[in-house]
Amino acid sequence: MNKIALFQVLILFLGLIHFPLYAQPGGNTGTLKIKLRLPSDLYFEMAPYRRKQNRIVFNVDALMEGLAIITSDNQTSSIFRQAGMIDTMQKRKTGYLIASPTCDSIVIQDIQDTSIYYFGKGGGEDLANNVHAAEVKIYFSEDADPSIKRVRIKDRVKFGVEANKVRSLKGDPSDLTEPPEHGFIKIEPSGSKKVTLFIDEEPRRGNVLVSIFNANNGRLLATLDPKKQGQRFTTKNKVYVFPLIRPYVISTGTGTKITFQVGDPKVNGSVSASEE
């Protein structure tokens with residue numbers, strides 16, 4: 001084979017390779033491809049009745065500041081942070097929907113290496129105060145014993161997140177000097193360090209389960225329920241932390257209504273799902 005023919009074959013081979021864009025460690029550009037194995041009570045799923053002709057449409061009717069509505073067909077996805085937005089799935093595709101309060105502030109506790117992360121300001125059930133929808137204490141230590149994996153789930157929801165919207169925590173003091181408006185949390189213990197996440201018993205945050213996922217394979221390691229006592233989990237794995245609000249689903253004359261209610265209740269957001 002002469003040099004020109006070899007060069008043409010090389011160009012053809014390179015053209016067949018697909019290079020997905022991933023964020024590099026420490027970078028702030030690109031897209032993180034996230035897959036989460038979820039129990040069925042933490043997401044909404046809808047397939048078109050006439051699969052060949054119709055498609056699923058998600059219409060965000062109401063959305064409180066500090067809540068992210070994530071839609072996906074497990075190939076393409078969108079993250080909505082304001083009402084009035086619409087996402088139309090492709091034909092033959094099942095649509096998935098989750099709601100996650102996002103991180104907006106941090107408080108450093110007196111306990112060494114412990115900080116509190118607040119998610120979804122005003123999302124908790126309290127008319128007088130801006131109670132957050134979720135509050136998570138994070139503690140790095142070399143002495144803690146890892147918890148046993150609690151949950152095995154096969155279902156999966158995939159979506160993409162801009163890398164600069166994800167705060168990476170490594171147990172360094174510099175973690176607390178970055179702006180808090182990243183929204184999503186990834187924890188990366190290094191060396192012999194482990195991380196413990198724990199929440200208080202708080203009925204005003206009911207229906208928000210602080211879900212901890214293995215960042216490498218999306219497996220659900222634990223869900224921390226604010227209506228139960230002694231809710232904590234320790235791991236040495238890299239993990240994503242997503243507070244997820246259980247969807248409440250009702251049928252309407254034109255389709256389906258999904259609301260995300262915290263406490264007893266305070267609606268943080270609602271979405272209409274229909275076919276077209």
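The values are calculated or read from the model by the stated rules, or taken from the named source; none is laboratory data. This one's a predicted model, so the numbers in the text were calculated from it and none came from an experiment. Every residue, glycine as well, gets a Cβ built from its backbone with ideal geometry; the counts of neighbours run over all protein chains shown. All accessible areas refer to the heavy atoms of the entire protein, side chains included, with ligands and DNA or RNA removed. Shrake-Rupley method; radii C 1.70, N 1.55, O 1.52, S 1.80 Å.
Values computed for the structure shown
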item: Test: residue in the stretch 24-33 that is among the hydrophobic types (A, V, I, L, M, F, W, C) and at pLDDT 90 or above; result: no
item: Residue that is at pLDDT below 90 and not in a strand (DSSP E or B), where the choices are 167, 152; result: 152
item: Subset tally (residues that are farther than 18 Å from residue 156 by Cα and surrounded by fewer than 22 Cβ atoms within 10 Å (Cβ to Cβ)) for the stretch 190-220; result: 13
item: Within the stretch 221-276, strands (runs of 3 or more DSSP E) holding 2 or more residues that are buried (at least 18 other Cβ atoms within 10 Å of the Cβ), touching a residue at least 24 places away in the same chain (Cβ under 8 Å) and under 19 Å from the mean Cα position of the chain (by Cα); result: 231-235, 239-245, 256-262, 266-275
item: Residue count, the stretch 49-59 (criterion: surrounded by fewer than 21 Cβ atoms within 10 Å (Cβ to Cβ) and either of a type in the set (Val, Ile, Thr) or in contact with a strand residue (DSSP E or B) (Cβ under 7 Å, 6 or more places away or on another chain) (or both)); result: 5
item: Selection from the stretch 66-109 of residues that are within 16 Å of residue 56 (Cα to Cα), among the polar types (S, T, N, Q) and open to solvent by 40 Å² or more (accessible area, probe 1.4 Å); result: 74, 75, 76, 77, 88, 90
item: The stretch 170-189 - residue that is open to solvent by 40 Å² or more (accessible area, probe 1.4 Å) and more than 16 Å from residue 102 (Cβ to Cβ) and, of those, modelled with the lowest pLDDT; result: 177
item: Condition check for residue 213: within 15 Å of the chain's Cα centre (by Cα), part of a strand (DSSP E or B) and closer than 17 Å to residue 189 by Cβ; result: yes
